[in-house]
Amino acid sequence: MSPIRTAYLTAARSAVGLLGDPAVAARWNTPSALAEFGVAGLAGHLASQVFQVEAVLAEPVPEGDPIGLLDHYARGSWGGASVDDEVNVGIRRAGEKIAVAGAAALVEGTAAAVQRLAEALADEPADRVVHLARGPWSLALDDFLTTRLMELAVHSDDLAVSVDVPTPQLPAEVIDPVLSLLARLAVRRHGQPAVLRALTRAERAPALINAF
């Protein structure tokens, strides 16, 4: 299995552990740290980073060549969208729908999906391509997993902050691809000098180097 597939599964298992923290169930019906997102919906959105992988693997292998990882973000309508834009409203609704059965059911369902993916990802060829209907376009499976890995890391932090528990610490082999992707996206958005200065020169660092 490729390193990114192993990293993804590690992050997914970490997310299951966070979803199962008693603090998540205790604050299930309260607002989260994200605008307009409740804790339940945010938990559902975190779990969806597992269910989405199962969904794309269930589709036929698409014809044609996949686009590159950064092209995926360049084409996406969600980049720079406001909290009230339809794409973000849809994301919140989907998270709420996934979480509708409650915290315990979400943990059980997500854990079972991770177990199925541990077997499925080991069987997929190295050059597997998946189709993203929401694009619509295709990505190499490992590139798609990189996008879901980033989402797992970022939204695990969001959920942990929302319920006042420590953010899960991910091993280097898991967080390094996330930080690499975010840095590349930040460079694309703000330019090399801005990111370089933010990381090395506090006296001339820009106010923002956010990737999104």
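Label separation (Thr167 vs Arg188): 2.2 nm, computed from points 7 Å beyond Cα along the C-beta direction.
Put simply, the amide H of Leu132, placed in the peptide plane, has neighbours under 5 Å in Trp137, Ser138, Leu139, leaving out anything fewer than 5 places away on its chain.
Kyte-Doolittle cut-off 1.0, length cut-off 20 Å along the helix's own axis using Cα: show which whole DSSP H helices in the chain pass.
On the way: long enough: 3-19 (24 Å, 0.75); 39-57 (28 Å, 1.21); 103-123 (30 Å, 0.78); 141-163 (32 Å, 0.51); 172-190 (26 Å, 0.61).
Going by DSSP H runs, the hits are 39-57.
Using just its DSSP H runs of length 4 or more, each adding -39500 (n - 2.57), the chain gives a mean residue ellipticity at 222 nm of -20500 deg cm²/dmol after division by all residues. Rank Leu185, Leu121, Leu42 by how far each Cα sits towards the positive end of the charge dipole of the chain (+1 on Lys, Arg Cβ; -1 on Asp, Glu Cβ) and give me just the farthest. The listed residue farthest towards the positive side: Leu185. Placing unit charges on the Cβ atoms only, positive for Lys and Arg and negative for Asp and Glu, gives segment 1-117 a dipole magnitude near 400 debye about its Cα centre.
Anisotropy class assigned to segment 1-120 is oblate, per the alpha carbon gyration tensor with a/c at or over the 1.5 cut-off and a/b no larger than b/c. Students often get this wrong: which residues of segment 1-21 have the backbone nitrogen under 18 Å from the point 7 angstrom along Cα-to-C-beta of Arg134? The answer is 12, whose backbone nitrogens lie closer than 18 Å to the label point. The packing ranking of peptides 63-76, 126-139, 143-156, highest mean first, is 143-156, 126-139, 63-76, where packing means the average number of other beta carbon atoms within 10 angstrom of each residue. Each of Leu199, Val161, Ala99 was scored by the projection of its Cα onto the charge dipole of the chain, and the greatest displacement toward the positive side belongs to Leu199; charges sit on the C-beta of Lys, Arg, Asp and Glu. How high is the relative contact order of segment 79-212, in percent, counting Cα pairs under 8 Å that sit 6 or more residues apart? Dividing the mean separation by the residue count of segment 79-212 yields 13 percent. In terms of its C-alpha gyration tensor, segment 122-212 comes out oblate, because a/c is 1.5 or above while a/b does not outweigh b/c.
Rounded to the nearest 20, the size of the Cβ-charge dipole of the chain about its Cα centre is 560 debye, with Lys and Arg at +1 and Asp and Glu at -1.
Got the relative contact order for segment 149-212 handy, in percent, Cα pairs under 8 Å and 6 or more residues apart?
Details: 46 pairs, mean separation 16.8, N = 64.
This gives 26 percent for segment 149-212.
Each of Asp158, Asp176, Asp21 has its accessible area taken with a 1.4 Å probe; listed largest first, they run Asp176, Asp21, Asp158.
The alpha carbon centroids of segment 151-178 and segment 1-44 are separated by 9 Å.
The values are calculated or read from the model by the stated rules, or taken from the named source; none is laboratory data. What you are looking at is a predicted structure, and each value in this text was computed from that prediction instead of being measured. Positions of Cβ are generated from backbone atoms using ideal geometry, with glycine treated the same way; all protein chains shown enter the neighbour counts. Calculation scope for accessible area: heavy atoms of the full protein, side chains included, ligands and nucleic acids excluded. Shrake-Rupley method; radii C 1.70, N 1.55, O 1.52, S 1.80 Å.
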